[in-house]
1. Restricted to the stretch 564-587, and to residues that are more than 27 Å from residue 432 (Cα to Cα) and touching a helix residue (DSSP H, G or I) at 6+ places or on another chain (Cβ under 8 Å), which residue is surrounded by the fewest Cβ atoms within 10 Å (Cβ to Cβ)?
2. Quick check on my filter: what residues within the stretch 326-372 are under 26 Å from residue 475 (Cβ atoms), modelled with pLDDT under 95 and in a helix (DSSP H, G or I)?
3. If residue 219 satisfies every condition in (1) touching a strand residue (DSSP E or B) at 6+ places or on another chain (Cβ under 9 Å); (2) assigned to a helix (DSSP H, G or I); (3) over 30 Å from residue 66 (Cβ atoms) but one, which is the exception?
4. So which residues in the stretch 158-209 are in a strand (DSSP E or B) and closer than 30 Å to residue 505 by Cβ?
5. Take residue 105 and decide whether it is within 21 Å of residue 160 (Cβ to Cβ), in contact with a strand residue (DSSP E or B) (Cβ under 7 Å, 6 or more places away or on another chain) and either in the same structural domain as residue 46 (by TED's automatic domain parsing) or assigned to a strand (DSSP E or B) (or both).
6. Between 413, 441, which is closer than 19 Å to residue 520 by Cα and either touching a helix residue (DSSP H, G or I) at 6+ places or on another chain (Cβ under 6 Å) or in contact (Cβ under 8 Å) with a residue 12 or more places away in the chain (or both)?
7. For the list (1) out of contact with any strand residue (DSSP E or B) (no Cβ under 7 Å at 6 or more places or on another chain); (2) in a helix (DSSP H, G or I); (3) at pLDDT 95 or above, I need the number of the one condition that residue 288 fails.
8. Criterion first (in a helix (DSSP H, G or I) and either touching a helix residue (DSSP H, G or I) at 6+ places or on another chain (Cβ under 8 Å) or farther than 21 Å from residue 159 by Cβ (or both)) does residue 92 satisfy it?
């Protein structure tokens, strides 16, 4: 193997281990627990979509569990790029087997030693494959070597009592499975998506499908191409791949529609026909399209530090499940795909499933819906990690109280509309990105990430007076804006959405010494549907205290290094007057 290939393989492995499965940091139960269960490697040939696929799995069977003494089951699979043997997935099997559950963990389709293409948790493929494993837990089918399971608690003929848990790619597959198989009894999806159309190319305005707009968003090129590299790099990570994992038509290991989506996004062009096809596909493999079919009680856990799948995604899923009548609760923990680990949070590497807040909530969820313990306290409807206070904040519903601020023509962010000064301000984007929020994969490959910045002349900012009391923001701020861009107005109806105006909205916390913090480095990319009309931007959700003496600074910028930007130069003017100006609304916890 050449040094170049070796270095690439190491980099891919690092990305897999650190980026897309490490957020769970789940290393199994302690060594003493090993004697409490046996581990058996199994293979299953399942029908998934139009192919037969081999699933590589490990069965963790607690000691003493048999047909006379059955136990509920927990099913789990890996994050993107992982396998049944990675630290996270293996740990899930061990952690729950040591607590008396029959655990079945498997490598998702296209990963590890499992066959078939990567289809992005498609319910008709990945969900169907998982359903085949539920058949095994039900005792209605055997593994390929004849192994049977007749020791899982049953709710009826062919209906095992089974829950699912996992993060990111291993989170969405739970919802996909439950939408197609009503035998699933409890779900715990961590740090996963609602709509891939939003996750990969977010448009923070005009949402009509969960979080997503009919106008294609702004390409999140770093995260998306990182995933693509990991998927296509599987031959370097897993030698001797199953031939069913090769797609000779367009790319190596993804389904053709997935490849077409990535290529369209990288092209920087969004012609109407291709764009509709891309949005339709991305949504078809996303929970936004099938949540109406999910009945299993669902505990959603999402990370505040997550520029890949932000809090808005979990919020959209939570609201959709509630509207459908599905039992659901939601926790916003500190860590996500972008880091953010906080002391005392869920981390099975330190054995704190029983002592961390999120871990206790997960155990209680399974106690209630797998052990049918009606006395189990599953906690409040909504909880969120606070870095300014001990413990989690809790509420019966998402905060809806708001503080309204107005964009003044002199660059101030004021409390009353009457305080708005009339004025006009202007910025323009450059030929290259001139603002920076994050380098999405920097920390994962050992590189430093510069602090967020905006270059003079390429953004506009509005700054409040120093706060006289702390302001606790819990949720997604919203901004209603109207901009002028004659250069965009001339071309925005060309039929190519890439001709529409792109901008990035964000809120900084400015300390008394002038240093500023972009909370979790989150921004709201916007592709404005029509620059002649006002539009409302929903920024990524945050949990943050703006302290006394600090100031809020709302910024719109013409570019961002983590995203594709405008096609050509697009000067933008913002006009303010007391009766006609932009508005910033902050969801404030009481």
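The values are calculated or read from the model by the stated rules, or taken from the named source; none is laboratory data. This is a predicted model, so every value here is computed, not measured. With ideal geometry, Cβ positions are generated from the backbone for all residues, glycine too; neighbour counts draw on all protein chains shown.
1. So the residue we want is 579.
2. none
3. (2)
4. Taking the stretch 158-209 and keeping what is in a strand (DSSP E or B), we get 159-160, 162-167, 184-190, 205, 207-209.
167, 189, 190, 205, 207, 208, 209, listed by residue number.
5. Numbers: within 21 Å of residue 160 (Cβ to Cβ): yes; in contact with a strand residue (DSSP E or B) (Cβ under 7 Å, 6 or more places away or on another chain): yes; either in the same structural domain as residue 46 (by TED's automatic domain parsing) or assigned to a strand (DSSP E or B) (or both): yes.
For residue 105, the condition - within 21 Å of residue 160 (Cβ to Cβ), in contact with a strand residue (DSSP E or B) (Cβ under 7 Å, 6 or more places away or on another chain) and either in the same structural domain as residue 46 (by TED's automatic domain parsing) or assigned to a strand (DSSP E or B) (or both) - is met.
6. On the way: 413 fails: closer than 19 Å to residue 520 by Cα.
Residue meeting the stated conditions: 441.
7. The single condition residue 288 does not satisfy is (1).
8. So residue 92 passes the test.
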